[in-house]
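Inspection log for the structure reproduced underneath, given as structure tokens.
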Amino acid sequence: MTQSELARALSTDSRVAVATISSWESQSNPKLPPEERLRAYALLFSRTDDTSARVRREHELSADERERFQTLHRELLGLRDAVRHQLDPPVDAPYTFDFESGRITLICPELPVDLRSPLAEEDDANHTRLYRYADVDALIEMWGHVRASNPELPVQHRLPTEISADDLSGHLILLGGIGFNSVTSRLMRVLDELPIEQVTVLDLNDGEIFRSRDGAEYRPLWDASGDSQPRELVEDVALLVRLRNPFNHSRTITICNGVYSRGVLGAVRTLTDDAVRERNEAYLANRFPGGSYALLLRVPLVNGTTVSPDLEIPQNRLFEWCPEEPDG
């Protein structure tokens, strides 16, 4: 039976994607199927004939098939229990959540009306909702990574004006700075233990810089060579925060922020880019064994392209802090 055929057979009550089947059967990075899917597996393969590629109800089984189902179901549950401790999300995989996590909500900045494409208007025949979003590069990168890492969990993205109380009680991932994301602005005030703030300064009218409690400022770098040429952004600053959700301490809040959009993307790609992800996860696990931290990172740009920060390079770490140690 192919994965496509199996997906169709298991979709009797709720749809199962082929990619989900593939994640369960992966040899390199397998995901544990939930218990109800193992029951469906056992029901499907308990049949004694090959005439029906569908999951039957238990009461439809013959006596021999019911015995086969019960034996197979116990075997599958036993195998799952035996390996679950090996596949539980490790502490150094920040965007892999356990099966009981519930929904994961990405809160994305919203563009001001005067900066939106006409296609953002709902009465346009070609209306595209994502045209209301800022930091779309960061959203696509984060959404794809979190969704692939948690195929059985609901992952949603919301604009700040769409957030409900239920959303705030789950795992939260905030994208973007205080300018376009009012939830980020609000939560950075709620997280009063955080020794970093984002502030507006008079000499930077299109972004907000970062400032630590001791007054140190962290600003982007520009190449101003050539008076006739427009300035080129050559280095942004990213803020990466991971703390307990202040509204539900059994869940987490992650903030990926920047002075500009390149910094937001750099904060995201610190833990999603395959080129640096494993090394960065290992660094964070060793440096912050409690899993809570805040970092300001240097995000270089080459020909306008964001370079993912490598945390093993000391120059990329501008500021580090965790709740268990003194600030800085």
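Just flag the trypsin sites (Lys or Arg not before Pro) in the stretch 241-306 sitting in loop per DSSP whose Cβ has no more than 14 other Cβ atoms within 10 Å. Write down the numbers at each step before the final one.
Details: sites: R242, R244, R251, R262, R269, R277, R279, R287, R298; in loops: none.
Those that pass, being in a loop and sparsely packed, number zero.
The fraction of all Cα pairs in the stretch 227-328 landing in successive 5 Å bins from 0 to the largest distance is 2, 13, 21, 25, 17, 10, 5, 3, 1, 1, 0, given as whole percents.
Find which of S46, L271, C256 sits farthest along the positive direction of the dipole of the chain, computed with +1 on the beta-carbon of Lys and Arg, -1 on that of Asp and Glu, about the Cα centre. Ranked along the dipole, the leading option is S46. This model, with +1 at the C-beta of Lys and Arg and -1 at the C-beta of Asp and Glu, gives the chain a dipole about its Cα centre of some 720 debye. The amide H of H171, built 1.01 Å from its N in the peptide plane, has T105, T252 as neighbours under 5 Å, considering only residues 5 or more places off or on other chains.
In order along the stretch 149-156, the phi-based Karplus estimate (6.51 cos²θ - 1.76 cosθ + 1.60, θ = phi - 60°) of 3J(HN,Hα) comes to 7, 9, x, 9, 9, x, 10, 10 Hz; Gly and Pro are listed as x. For the chain, the longest principal axis of the alpha carbon atoms and the long axis of helix 63-87 meet at an angle near 30°. Once the other residues with Cβ under 14 Å from the Cβ of A165 are scored (Lys, Arg +1; Asp, Glu -1), what is the net sum? Summing Lys and Arg as +1 and Asp and Glu as -1 gives +1. Quote the FRET efficiency, to the nearest 0.05, computed for H249 versus N126 with a Förster distance R0 of 56 Å and r equal to the Cβ-Cβ distance. Efficiency computed from Cβ-Cβ geometry: 0.80.
Just in the stretch 246-328: which GluC sites (Glu not before Pro) are loop by DSSP and have at most 12 other Cβ atoms within 10 Å? Provide the component values of the computation, followed by the final result.
On the way: sites: E278, E281, E312, E320, E324; in loops: E312, E324.
In loop regions of the stretch 246-328 (DSSP not H, G, I, E or B), the sparsely surrounded GluC sites (Glu not before Pro) are E312, E324.
Segment L115..T161, full-extension length gain: 14.8 nm, with 0.36 nm per residue of separation and the alpha-carbon distance subtracted. In a fully extended conformation the segment linking I313 and Q27 would gain 99.7 nm over its present Cα-Cα distance, using 0.36 nm per residue. Residues within the reach of a label modelled at E320 (point 7 angstrom out along Cα to beta-carbon, backbone nitrogen below 11 Å), restricted to the stretch 259-301, are 283-289, 294-296.
Sum up the charges of everything whose Cβ sits under 15 Å from the Cβ of T128, counting Lys and Arg as +1 and Asp and Glu as -1, but leave T128 out. Its environment carries a net charge of -2.
Every number in this text was worked out from the coordinates using simple rules, so none of it is lab data. Just so you know, these numbers come straight off a predicted model, no measurement behind them. Please note: Cβ atoms are built from the backbone with ideal geometry, for glycine as well, and neighbour counts cover all protein chains shown.
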